[in-house]
Amino acid sequence: KDKVKVTALNNNCQVWKDSVLLTTLNARQTYEFEITNTNPVSYLKTSEPASVFLYFTGSRYGGENGDPSMVIINPIHQKMNDVTFTTFSTGTAGYQHFVNIVTKTTNVPNMTLDGSSISSNFILVPSRHELSYARIEINHGVHTLSNTQYSEGSGFIAHIYGSAPWESYSYSIGSMVVAE
């Protein structure tokens, strides 16, 4: 039972989820919806610039481990090809760490984590088969996520998160803005 919040920059911002119009927002207005285990992925599109935030609701609301945390979801066009990142832990027992990755489906064979192929972890985005995503549990420590074949439009976006019984964290592992 995590939540997604979309906040519009400009007036008349249409928010689409899996090709269905959810709402039209004015500047600084926010629309919120839940995601669940039965529908864990959606493709969002807005007609105007907007920010998308994923809120991990924590143990009291969502029934999972951890306190609430929030991560900004980068737009798919802000892809990168390599990033080294680390997980977070306060030493609390029971931490689980994950990386969520989105890439073009044609790029899936080029994706590695710590030098090993992760292509078998990817699933098609139901409403956008040209995109695929993966949710991979990782060990605590330093990791490198790579796209091994650089080409026009290749790359990925990703974020890291983890939780323990009463703690959690989440953060975007970067993005690259290319001048248009």
Which listed residue is touching a Pro at 6+ places or on another chain (Cβ under 6 Å) and either closer than 20 Å to residue 74 by Cα or at pLDDT 90 or above (or both), from 175, 119: 119
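Residue under question is residue 107, and the condition is that it be buried (at least 19 other Cβ atoms within 10 Å of the Cβ) and part of a loop (DSSP other than H, G, I, E, B); does it hold?
Numbers: buried (at least 19 other Cβ atoms within 10 Å of the Cβ): yes; part of a loop (DSSP other than H, G, I, E, B): no.
Taking the combined requirement at face value, the residue does not satisfy it.
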As an exercise: evaluate residue 69 against (1) free of Cβ contacts under 8 Å to residues at least 60 places away in the same chain; (2) surrounded by 17 or more Cβ atoms within 10 Å (Cβ to Cβ); (3) touching a Phe, Trp or Tyr at 6+ places or on another chain (Cβ under 8 Å); (4) not acidic (Asp, Glu) and give the number of the one condition it does not meet. (1)
Only unsatisfied item for residue 132, checking (1) farther than 26 Å from residue 6 by Cβ; (2) touching a Ser or Thr at 6+ places or on another chain (Cβ under 6 Å); (3) among the small types (Gly, Ala, Ser), is (1)
Candidates 160, 123, 101 - the one that is open to solvent by 60 Å² or more (accessible area, probe 1.4 Å), within 29 Å of residue 20 (Cα to Cα) and not basic (Lys, Arg): 123
Output the residues belonging to the range 102-135 that are acidic (Asp, Glu) and over 14 Å from residue 146 (Cα atoms). 130
Every residue in the range 1-39 that is in a loop (DSSP other than H, G, I, E, B) and either of a type in the set (Ser, Thr, Tyr) or surrounded by 13 or more Cβ atoms within 10 Å (Cβ to Cβ) (or both), please. 1, 9, 10, 18, 19, 29, 38
Determine whether residue 85 is at pLDDT 90 or above, part of a strand (DSSP E or B) and more than 17 Å from residue 40 (Cα to Cα). yes
Conditions first: (1) over 13 Å from residue 102 (Cβ atoms); (2) within 18 Å of the chain's Cα centre (by Cα). Residue 167 passes all but one, so which condition is the exception? (2)
Filtering the range 40-60 down to residues that are open to solvent by 40 Å² or more (accessible area, probe 1.4 Å) and not in a strand (DSSP E or B), which residue is farthest from residue 132 (Cα to Cα)? 60
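State all residues of the range 127-143 that are exposed (fewer than 13 other Cβ atoms within 10 Å of the Cβ) and either assigned to a strand (DSSP E or B) or in contact (Cβ under 8 Å) with a residue 60 or more places away in the chain (or both); if no residue qualifies, say none. Please lay out each step first, then the result.
Just the residues of the range 127-143 that are exposed (fewer than 13 other Cβ atoms within 10 Å of the Cβ), to begin with: 129-130, 137, 139, 141-142.
Once the filter is applied, which keeps residues that are exposed (fewer than 13 other Cβ atoms within 10 Å of the Cβ) and either assigned to a strand (DSSP E or B) or in contact (Cβ under 8 Å) with a residue 60 or more places away in the chain (or both), the range 127-143 yields 129, 130, 137, 142.
Select from the range 163-178 the residues that are more than 14 Å from residue 80 (Cβ to Cβ) and of a type in the set (A, V, I, L, M, F, W, C) and write down the one among them that is least open to solvent (accessible area, probe 1.4 Å).
Going residue by residue through the range 163-178, those that are more than 14 Å from residue 80 (Cβ to Cβ) are 163-171.
Keeping just the survivors that are of a type in the set (A, V, I, L, M, F, W, C) gives 164, 166.
Details: 164: 0, 166: 153 Å².
Filtering the range 163-178 for residues that are more than 14 Å from residue 80 (Cβ to Cβ) and of a type in the set (A, V, I, L, M, F, W, C), the one least open to solvent (accessible area, probe 1.4 Å) comes out as 164.
The values are calculated or read from the model by the stated rules, or taken from the named source; none is laboratory data. What you see is a predicted model, and the numbers here were worked out from it, not measured in a lab. Cβ: placed from backbone, ideal geometry, glycine included. Neighbour counts: every protein chain shown. Calculation scope for accessible area: heavy atoms of the full protein, side chains included, ligands and nucleic acids excluded. Shrake-Rupley method; radii C 1.70, N 1.55, O 1.52, S 1.80 Å.
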